[in-house]
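Engineer: After the structure tokens below, expect a handful of questions from me.
The values are calculated or read from the model by the stated rules, or taken from the named source; none is laboratory data. The structure presented is a predicted model; accordingly, all values stated were derived computationally and were not measured. We place every Cβ from the backbone using ideal geometry, glycine too, and count neighbours over all the protein chains shown. Surface areas here come from the heavy atoms of the whole protein model, side chains and all, with no ligands, DNA or RNA. Shrake-Rupley method; radii C 1.70, N 1.55, O 1.52, S 1.80 Å.
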Amino acid sequence: MTRISFETITRKAWPSAAFTLGALLLLPGCKTEQIFVEVPPWEPAPAEAAGFMGYRTSEASNQGQTVCGQCHNSKQSAWVLTVHADAWNGLQSSGGAQEFCEGCHTVNQLGNTSTIEGGWLTTGDTRYYDVQCENCHGPGETHANNPEASNIPLAPLSVGEGLDLGCGQCHEGAHHPFVEEWAQSPHSHVVGFAAARESCAPCHRGQGTLVAWGENANYLEKFSDDPLPVVCGVCHDPHGEAAFDGQLRFPANSSSIETQLCSKCHNRRPEPDPGSSHGLEPHSPESALLVGTAGWFPPGADIGQGEILATHGTENNPNFCATCHVAMFEIDDPSGDFLFNATGHLFNPIPCVDAEGLPLPFPNECSLSPSERAYPGCVDSGCHSSEQSAASALTAASTRMEFLVEILHELLLEVDPNLDEPGGEIDATNPTFTVAEGAFFNMELAEFGSAEFGTNTVLGSTTHNPFLMESLLIASIDAVEEEYADILPRVSGTDWDAELEVVLQRAPVR
């Protein structure tokens, strides 16, 4: 028998009390005392299992009690609530169970640093059912038998250069190509200079993000000099402790940008910062655009910060960013046979598609026609009745946005031909903030995006909040024409106040 001490178990003055590991409750008003719990030892792992322990016994697969969980009780208690803990039954009840699927639904060398085949693949023992601790951490026999003399095997967060490590060894393939799509997304790229800067690390270095979010668990790359990109384990909690859908560390279905997962990073410099050398350009303003707080609000313009919402930023869109950016859809070939299951982990809401309808990675070099792009999030969410209606709405709004950006751009070139280069009315190194600088920021906000990934167009701002963006551009044009009337060779002659009033009449407000 193994004698384990728990100093945080509580109990009332019951005549008798039986406690089992993994099912302990801390009750309000209970007295905390030290008790001892006798638990049976685990069955030795088969010699051919390559050190994988799995469940405590072959019968324990029905109880969900792993060998690891007998000591690491909090992790065990969280893990049993995840789909990983029911991976074997999930496969068997899927209607498509085949032998080659079993490796990703059982304990073995897939997903960890072990290079030796073991666990289920060499024994066929039911103790290796499900995706358990050792799937990520590797064989635990040495540590389990002598924990004081050996460290806990560390799980990798990297997915490997060939998608051959960690999550990448199972969450791949035509039916669930999470990692293949992720590898083609901006999240898989490390911005070297940003990852190296302490102030940027919370969003540009995977290790830094986890620290910023209060995650202190150890993992293989935690102290590595090589920065991790935004890998699976940054957004998803492998242990499921956060208890949010998808094992996310923060909820995706929250319209509060203080708590919403994507907004933890996609809410940087949404308004001009005269004190920064880069303060005349937005950095990552998407969430603030959705809720109507991004941009420079020209004095005198009847635009209330935080009052103009896009439909995408209201309670009508409960999944917030994920509705569009993590839209899943299935693609069949012309005969109706399954071809591909897009998981949305390109994080591209309207990806270009090839001749078979398969989503293509960034950059986006195609028209807005539904024959060249996929609009699954727009239709499946119920916002638009068809892909064509979504494409038409986007085309009309983005055309209007491009028109306004062009007018503002021409005006700013007249005011300061250098635009944001040092000197002139638009100069981030000069602490005096000008109307031209505010208008320049709004112009950059309208075309915010990455040149590398081809997203530096008006499509992003048009989708995130067309009413706010159009209002800010109109008000900026009006402000520039008024402020610099004596140096502008000409003004448009348009009644921009009337134009703004029309937009504000259409805009949804709080």
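Engineer: Ignoring everything but the protein chains, give the 1.4 Å probe accessible area of residue 400 in square angstrom, nearest 10.
Structural biologist: Per-residue accessible area (residue 400): approximately 70 Å².
Engineer: If you average the C-alpha positions of the range 213-254 and of the range 86-156 separately, how far apart do those two centres end up, in angstrom?
Structural biologist: One Cα centre to the other: 21 Å.
Engineer: Another question about this same structure. Which loop-located trypsin sites (Lys or Arg not before Pro) does the range 117-222 contain, where loop means any DSSP state but H, G, I, E or B and the Cβ has at most 14 other Cβ atoms within 10 Å?
Structural biologist: Details: sites: 127, 197, 205, 222; in loops: 197, 205, 222.
Filter output for the range 117-222: 197.
Engineer: Arrange the residues 193, 433 by how much accessible surface each exposes, largest first, with a 1.4 angstrom probe.
Structural biologist: These residues rank, largest area first, as 193, 433.
Engineer: Hey, another quick one. Using only the Cα atoms of the chain, each taken as one equal point scatterer with no solvent, compute I(q) by the Debye sum, divide by I(0), and report log10 of the ratio at q = 0.05, 0.07, 0.10 Å⁻¹.
Structural biologist: Calculated log10 I(q)/I(0) at the listed q: -0.27, -0.50, -0.88.
Engineer: Once you charge only the Cβ atoms, +1 for Lys and Arg and -1 for Asp and Glu, what is the size of the charge dipole of the chain about its Cα centre, to the nearest 20 debye?
Structural biologist: Charge dipole, the chain, about its Cα centre: 2520 debye, nearest 20.
Engineer: Which net charge results for the neighbourhood of residue 257, defined as the other residues with beta-carbon distances under 12 angstrom from its beta-carbon, given Lys and Arg at +1 and Asp and Glu at -1?
Structural biologist: Local charge sum for residue 257: 0.
Engineer: Give me the accessible area per residue for the chain, probe 1.4 Å, as a whole number in Å².
Structural biologist: On a per-residue basis, 49 Å².
Engineer: For the range 152-208, which GluC sites (Glu not before Pro) are in a loop by DSSP, counting at most 11 other Cβ atoms within 10 Å?
Structural biologist: 161, 198
Engineer: Quick one: how many Å² of residue 211 are accessible to a 1.4 Å probe, rounded to 10?
Structural biologist: 100 Å²
Engineer: Another one. Taking only DSSP H segments of four or more residues, each worth -39500 (n - 2.57), what value at 222 nm results for the chain once the sum is divided by all its residues, to the nearest 500 deg cm²/dmol?
Structural biologist: -7500 deg cm²/dmol
Engineer: May I ask for the net charge around residue 348, where only other residues with Cβ less than 11 Å from the Cβ of residue 348 are counted and Lys, Arg are +1 while Asp, Glu are -1?
Structural biologist: Details: positive: 373; negative: 181.
That works out to 0.
Engineer: Just reorder 164, 486, 125, 226 by solvent-accessible area, largest first, 1.4 Å probe, all chains present.
Structural biologist: Greatest to least solvent exposure: 486, 226, 164, 125.
Engineer: Using heavy-atom solvent-accessible surface (probe 1.4 Å) with all chains present, what is the largest-first order of 362, 223? Before the final figure, lay out each step's value.
Structural biologist: Details: 362 35, 223 165 Å².
Final ranking, largest accessible area leading: 223, 362.
Engineer: If you don't mind, another one. Taking the Cα atoms of the range 114-161, what is the range of coordinates along each of the three principal axes, in descending order and whole Å?
Structural biologist: 32, 30, 18
Engineer: First select every other residue whose beta carbon is under 13 angstrom from the beta carbon of residue 275; then total the charges, Lys and Arg +1, Asp and Glu -1. Could the numbers behind the result be given before it?
Structural biologist: Values: positive: 269; negative: 271, 273, 437.
Once positives and negatives cancel, what remains is -2.
Engineer: Carbon-plus-sulfur fraction of the accessible area of the chain, 1.4 Å probe, in percent?
Structural biologist: Whole-percent figure for carbon plus sulfur exposure: 53.
Engineer: Can you tell me the Rg and Dmax of the range 278-435, counting just the alpha carbons, in angstroms?
Structural biologist: 19.7, 65
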